[in-house]
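Report on the structure given below.
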Amino acid sequence: MAPGAPGAPGGRSAPAARHSWWPLLLLCLLPGTCQLKAANAFKPNILLIMADDLGIGDLGCYGNSTLRTPNIDRLAEEGVRLTQHLAAAPLCTPSRSSFLTGRHSFRSGMEAHDGYRALQWNGASGGLPENETTFARILQQQGYATGLIGKWHQGVNCESRTDHCHHPLNHGFDYFYGMPFTLVNDCHPDRPPEVDATTRAKLWLSTQMAALAVLTIAVGKVCGLISVSWKVVLGAASLVFLFFVSWYASFGFVRRWNCILMRNHDVTEQPMDLERTTSHMLREAVSYIERNKHQPFLLFLSLLHVHIPLVTTKQFLGKSQHGLYGDNVEEMDWLVGEVLNAIEENGLKNTTFTYFTSDHGGHLEARDERGQLGGWNGIFRGGKGMGGWEGGIRVPGIFRWPGVLPAGRVIHEPTSLMDVFPTVVQLGGGEVPQDRVIDGRSLVPLLRGAAEHSAHEFLFHYCGKYLHAARWHEKDSGRLWKVHYMTPRFHPKGAGACYGRGVCPCSGDGVTQHSPPLLFELSRDPSEARPLSPDSEPLYNMVVAQVGEAVEQHRKTLSPVPTQFSLSNIIWKPWLQPCCGTFPFCACGQDEDHSET
């Protein structure tokens, strides 16, 4: 897109008690004291909304003038907008792991080691380890009802189809409705394959070649050209058939295995009906709010928009100026608006801490014959999958809490998706775990205006297990430095992405290692277009040395953990596959419109 384009509820008091904090406003003499007392007098509801693959440049409040996002823009007008909000990883699974735990994903093994960079199957054994603590678990312990509606993509099972070791209900959520996996092109019967498409093509080619070889031997036998027994021919044919079945049992049924909906532990739709998914998600979100309005609740609304295949209802098809992607963005904004309306209609606007973001930058390589299918990252270089360039990690960050957070405020300090963990834990009356490294820092002082600067002096940007870049916020001078140690090699040369691949690689021949490293001053060059040198920047050596020392100190906090993306954890295992009915005959349609706690 071109520039300019765009459950077990906890016990709580009655509704009157929920709003009893308002009289405190009349007793406060100082506005700042008033806000602080009011905010600490009770536990707010917490609504976290995360889009999937949304580019920061796709929203009106971040400069887009041709895509219509009035509801998200209104959220920004009524709250605080962050301009340097950063994902901890440039892909879905690791970014969401960091968001949920407040920790870099590699600390829990949820990051790639020269292999797959995200979970590929519902029926795989990898996922968010049970010993990780999510903000949902802490808030659940504080008496919150905790719900997740939408995308999970953090794994399901470990050893059996029913152990649910990685399931949301095992990570602090007492209600789940949505996709345990993620939307992929395979979910749409008319779209080309996406899940491990390269491996699938190689397997199919190998099968064809083996079958051709067996056929040739059989013809030679019939014609008397080859002296071989029929047992050998049949044995070879059997081996080819077994090889075909071994991979086609998974890759031939991706839609049935991955594109499913669950309510808590039960599969309710397999495969899912894409045309009805948006209405299901909206219904569930509104119902959850209405069921829990008399107690504090956490609702993590993890949107399926705007990931390919860009499933869009007829109401929005062809309505935007930017094709199917633009239609999907505008439908997403409408859905967000409907959820915000539900908050207001239930009298919860002033008692709800609301947050909107995306898991990482827009997907530049997503395109077909009709044009671009991924988002626009504004003036920022790079996109999804790129751990160093700003376009892969800079995301929207919008917070609203009327009466507590100042409306219309814009903050230009570096912050992270990992900061949401300690922020909501603090607001919910919990405590951040002290037995592990927490990389996030509470945003409460910054959002309220009690702190002038972000708590982060340094932030580290990874692609898989590889440190691609690091930034230094020199608070005294206000200068913001960014050092790149590796950058992806774009394809074709001179392009702004890795076209012809799903996303850019993190290592190997697909990256350039920089020694000395590249240096940019983001405060003056946010597009990372003008690398500095010792000749052009007198502070070059000092900055590179300072950041290098911070990197060394950061690396001292790292410790080895089992990787969740190993081949043994990433492959499809039929005994782990969620299924409605009798495996392998898994099939069911959406149950009647109802929701349960």
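The values are calculated or read from the model by the stated rules, or taken from the named source; none is laboratory data. A quick note: this is a predicted structure, and the numbers were derived from the prediction, not measured. Don't worry about glycine lacking a Cβ; one is built from the backbone with ideal geometry, like all the others, and counts go over all protein chains shown. Ligands, DNA and RNA are excluded from the accessible area calculation, which covers all protein heavy atoms including side chains. Shrake-Rupley method; radii C 1.70, N 1.55, O 1.52, S 1.80 Å.
Residues in the stretch 549-578 that are in a helix (DSSP H, G or I) and loosely packed, with under 14 Cβ neighbours inside 10 Å: 549, 552, 553, 555, 567, 568, 574, 575.
The residue list 473, 456 contains one member that is open to solvent by less than 40 Å² (accessible area, probe 1.4 Å) and assigned to a loop (DSSP other than H, G, I, E, B), which is 456.
Filtering the stretch 293-315 down to residues that are among the polar types (S, T, N, Q) and touching a Leu at 6+ places or on another chain (Cβ under 8 Å), which residue is surrounded by the most Cβ atoms within 10 Å (Cβ to Cβ)? Quick ask: steps written out before the conclusion?
Taking the stretch 293-315 and keeping what is among the polar types (S, T, N, Q), we get 295, 302, 312-313, 315.
Then keep just the ones that are touching a Leu at 6+ places or on another chain (Cβ under 8 Å); that gives 302, 312.
Working: 302: 23, 312: 25.
Looking at residues that are among the polar types (S, T, N, Q) and touching a Leu at 6+ places or on another chain (Cβ under 8 Å), I get 312.
I'd like to verify a number: residues in the stretch 133-148 that are among the aliphatic types (A, V, I, L, M) and within 18 Å of the chain's Cα centre (by Cα), how many?
Final tally of qualifying residues: 2.
Screening residue 487 with (1) modelled with pLDDT under 95; (2) more than 16 Å from residue 112 (Cβ to Cβ); (3) within 23 Å of the chain's Cα centre (by Cα); (4) not charged (D, E, K, R) gives one miss only, at (1). The residue list 468, 473 contains one member that is modelled with pLDDT of 95 or more, of a type outside the set (Val, Ile, Thr), more than 23 Å from residue 406 (Cα to Cα) and touching an Asp or Glu at 6+ places or on another chain (Cβ under 7 Å), which is 473. Taken as a whole, the stretch 107-116 holds at least one residue that is at pLDDT below 95, farther than 25 Å from residue 297 by Cβ and buried (at least 24 other Cβ atoms within 10 Å of the Cβ). The combined condition, being under 43 Å from the mean Cα position of the chain (by Cα) and more than 28 Å from residue 571 (Cα to Cα), is fulfilled by residue 174.
Go through the stretch 491-525 and give me each residue that's part of a loop (DSSP other than H, G, I, E, B) and either open to solvent by 40 Å² or more (accessible area, probe 1.4 Å) or acidic (Asp, Glu) (or both).
492, 493, 494, 499, 500, 501, 502, 523, 524, 525
Scanning the stretch 154-171 for residues that are in a loop (DSSP other than H, G, I, E, B) and under 18 Å from the mean Cα position of the chain (by Cα) gives 154, 155, 156, 166, 167, 171.
Could you please let me know if residue 1 is surrounded by 17 or more Cβ atoms within 10 Å (Cβ to Cβ) and at pLDDT 50 or above? When the stated conditions are applied, residue 1 does not pass them. The condition (being assigned to a strand (DSSP E or B), of a type in the set (Val, Ile, Thr) and open to solvent by less than 10 Å² (accessible area, probe 1.4 Å)) is satisfied by just one residue among 425, 483: 483.
Can residue 382 be described as over 15 Å from the mean Cα position of the chain (by Cα) and at positive phi?
It is true that residue 382 is over 15 Å from the mean Cα position of the chain (by Cα) and at positive phi.
Of the numbered criteria (1) closer than 30 Å to residue 422 by Cβ; (2) surrounded by 15 or more Cβ atoms within 10 Å (Cβ to Cβ); (3) touching a helix residue (DSSP H, G or I) at 6+ places or on another chain (Cβ under 8 Å), the one residue 532 fails is (1). When 404, 420 are checked against the criterion of being more than 25 Å from the chain's Cα centre (by Cα) and open to solvent by less than 20 Å² (accessible area, probe 1.4 Å), 404 stands alone in meeting it.
The sole residue among 86, 91 that is under 20 Å from the mean Cα position of the chain (by Cα) and open to solvent by less than 10 Å² (accessible area, probe 1.4 Å) is 86.
Within the stretch 338-364, restricting attention to residues that are open to solvent by 10 Å² or more (accessible area, probe 1.4 Å) and closer than 30 Å to residue 389 by Cα, which residue is nearest to the chain's Cα centre (by Cα)? Across the stretch 338-364, the extreme among qualifying residues is 363.
When the stretch 169-180 is limited to residues that are open to solvent by less than 10 Å² (accessible area, probe 1.4 Å) and of a type outside the set (A, V, I, L, M), the one that is nearest to residue 305 (Cα to Cα) turns out to be 178. Counting the residues of the stretch 180-232 that are outside any loop (DSSP other than H, G, I, E, B) and of a type in the set (Ser, Thr, Tyr) gives 5. Scanning the stretch 365-391 for residues that are open to solvent by 30 Å² or more (accessible area, probe 1.4 Å) and part of a loop (DSSP other than H, G, I, E, B) yields 369, 370, 376, 379, 380, 381. For beta carbons closer than 7 Å, sequence separation of 6+ or different chains, a first residue in the stretch 271-291 that is farther than 16 Å from residue 588 by Cβ and a second that is of a type in the set (Phe, Trp, Tyr), the qualifying pairs are 284/177; 288/175.
With respect to the conditions (1) touching a Lys or Arg at 6+ places or on another chain (Cβ under 9 Å); (2) open to solvent by 10 Å² or more (accessible area, probe 1.4 Å); (3) at positive phi, residue 121 lacks only one, and its number is (3). In the set 397, 385, 378, only one residue is touching a Pro at 6+ places or on another chain (Cβ under 6 Å) and within 30 Å of residue 495 (Cβ to Cβ); that residue is 385. Residues of the stretch 181-213 that are surrounded by 16 or more Cβ atoms within 10 Å (Cβ to Cβ), modelled with pLDDT of 90 or more and of a type in the set (A, V, I, L, M): 183, 184, 211.
Within the stretch 27-39, is even one residue at pLDDT 95 or above and within 24 Å of residue 455 (Cβ to Cβ)? Scanning the stretch 27-39, I find no residue that is at pLDDT 95 or above and within 24 Å of residue 455 (Cβ to Cβ), so the answer is no.
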